[in-house]
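Below is one structure, written out as structure tokens, with a few remarks after it.
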Amino acid sequence: YEINLLELIKKRRARIGYSFKKEEIEYSILHRVHSLFNRATGKWKDDIQLWLSHVAFCKEWNSKHQLSKVFSTMLAIHSNKPELWIMAAKWEMETQLSSESARRLFLRALRFHPKCPKLYQEYFRMELMHAEKQRKEKKAFEQAKMDLGEFNYSEEILNGEMARIIYRDAAQKIEGVEFHLAVLSIAKLFDFTEDLQKEILESLQTKYTDDPPTWDYMARRELELGSLQSTEHTTKKMKVSEMAQREERCSAVFEEAVRAVPTEDMWKYYITFCLERYNRKTNSEELKQKRLERTLSVFNKAHESSLLPEALYKQWLQLLLESNLFEKAAEVAEAATKRFSLSVETWQMRLQVLIQLNSDSVTQCFEEAIKHVKSQGTLSLWTLWVEWSEGTNNKEDTETLYQRSLRATTPAESVTMKEKYLDWTYRNCGYKKAKRVFTSLCENRPFSLDFFRKMIQIEKEQESCKMLHLREYYERALREFGSTGSDLWLDYIKEELSHPKGKPENCGSIYWRAMKMLQGNLVEDFVSKHTLLQTGHL
């Protein structure tokens, strides 16, 4: 309430241009808000969101002195959360312009979290920002020809030596190539860190020479190196040629990488790079063709090495189909199912390719897939098979397939197939056949609520919609879902009230049955909706 009041006062002042008596009005409200926050955080110390709300309020109203107190208290209580230390240090550095305070906060944080990569990264970044700030100050003073005697600009700090010390300390405590790459990416943002970048890179190549991310970085680095010296008279053809050469150099590094580190991850990095380059827009057909050939070649090499991850087969197939290489796509799909014979997704992928190519071996492939894959999890295969059969085979074959799917799938998965079977029967064979199928399916549990609702909808679409049949379907549904389906009870009552052959006198007994069967909060929900129904608002 107090914060909203402050906002209203702020808007009114802006509207009428009145800027007097701020101490009597705003400052007293600000004091009350801070007091409320202090009481709340004192009572609920563990509520981080409450602390962050106070921090946000202090920032919005520029309460610097109060914010400093909030950070101090919050960090004393929540010293186990590195992100809060980082937030406080950033505020000191960026808002208070105090690199010394930020440095003290980072050093305190590292005593609590000596192996936290994120803390070291942000501390490293802060020291480089401080060095850059001092370099700019010194340059400005020199340009103004001012005497630098009273200012102490250490050459070591200006060259980023503090950041180097932080990196060396972190490198001894933190394992993993990801940290080194993160620090390197930060160092690259500053134009005075060439020596520091070189040291990090050497450490990376020495310690993590067998890690795929190291090779990935070294390969992608070739894209940034060797750019044309003169850009004034550069033609489009020269630019394309230069880019092609850079990509070839990247590819050469990746080729060396997959020989040195022959793993799935390494091939994945190589393929990801190739796909990224292929998907980049270019007006040069020659360059696009080279990228396509390289990508397809890398996919093929990874496959022949039996090191192509399952997820990447799908991207390979999409690329082959886009390039109209249909026979190769069919071969790749078949090879994928041989290698990952228990994977439903891989079989589904192969079947989709065969369907797209209008192959004669679709049925045979479906049979093979069902034979290899366990019954649990085959719902997607059966769904694809019946949908394909609906558009290809005659009604008898499709019906036989639906009946077979009900036997082959698990009880939980058969629920979906029952819904699809009933819907297909009504669309293709009419109401009477759908009614017989519904009756036969009702003999085998489990069911879904949508299964019964579908049959109710089918009955209501008939010209001679019989209330007797609707009651039967509602009663069947309520036997299964009466304890959880409050809307189902309401629909039943509505049906008795609106149908020409309905019996409004039955609504009372339906209502009391619902009250007995519904569980928990559903009773209240049902009563409130029933009241709206009675008043004509539902």
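The values are calculated or read from the model by the stated rules, or taken from the named source; none is laboratory data. Keep in mind that what you see is a predicted model, and the values were worked out from it rather than measured. Positions of Cβ are backbone-derived with ideal geometry, glycine not excepted, and every protein chain shown enters the neighbour counts. To get the accessible areas, we keep the full protein, side chains included, count just its heavy atoms, and leave off ligands, DNA and RNA. Shrake-Rupley method; radii C 1.70, N 1.55, O 1.52, S 1.80 Å.
What helices (runs of 4 or more DSSP H) lie completely within segment 352-414 and have 2 or more residues being touching a Phe, Trp or Tyr at 6+ places or on another chain (Cβ under 8 Å), without any contact (Cβ under 8 Å) to a residue 40 or more places away in the chain and within 24 Å of Phe447 (Cα to Cα)?
Output list reads 379-392, 395-408.
Being within 28 Å of Asp265 (Cα to Cα), modelled with pLDDT of 90 or more and buried (at least 18 other Cβ atoms within 10 Å of the Cβ) narrows it down to one residue among Ala182, Ala244, Ala171; which is it?
The match here is Ala171.
Each row is one residue, and each column tells you yes or no for (1) β-branched (Val, Ile, Thr); (2) open to solvent by less than 60 Å² (accessible area, probe 1.4 Å); (3) farther than 30 Å from Tyr421 by Cβ; (4) under 32 Å from the mean Cα position of the chain (by Cα).
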position	(1), (2), (3), (4)
Lys328	no, no, yes, no
Arg350	no, yes, no, yes
Ile355	yes, yes, no, yes
Thr378	yes, yes, no, yes
Trp382	no, yes, no, yes
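Residue check: is Lys374 open to solvent by 40 Å² or more (accessible area, probe 1.4 Å), more than 30 Å from Gln289 (Cα to Cα) and within 34 Å of the chain's Cα centre (by Cα)?
Criteria met by Lys374.
Output yes when any residue across segment 481-499 is under 29 Å from Trp388 (Cα atoms), outside any helix (DSSP H, G or I), open to solvent by 40 Å² or more (accessible area, probe 1.4 Å) and polar (S, T, N, Q), and no when none is.
no
Hand me the list of helices (runs of 4 or more DSSP H) wholly inside segment 58-129 holding 1 or more residues that are closer than 25 Å to Ala187 by Cβ, over 30 Å from the mean Cα position of the chain (by Cα) and without any contact (Cβ under 8 Å) to a residue 40 or more places away in the chain.
82-94, 99-112
Across segment 417-430, what is the number of residues that are open to solvent by 50 Å² or more (accessible area, probe 1.4 Å) and over 18 Å from Asp397 (Cβ atoms)?
So the answer is 2.
Has segment 436-445 got any residue that is open to solvent by 60 Å² or more (accessible area, probe 1.4 Å), closer than 25 Å to Gly377 by Cβ and either in contact with a His (Cβ under 6 Å, 6 or more places away or on another chain) or not in a helix (DSSP H, G or I) (or both)?
Within segment 436-445, one or more residues are open to solvent by 60 Å² or more (accessible area, probe 1.4 Å), closer than 25 Å to Gly377 by Cβ and either in contact with a His (Cβ under 6 Å, 6 or more places away or on another chain) or not in a helix (DSSP H, G or I) (or both).
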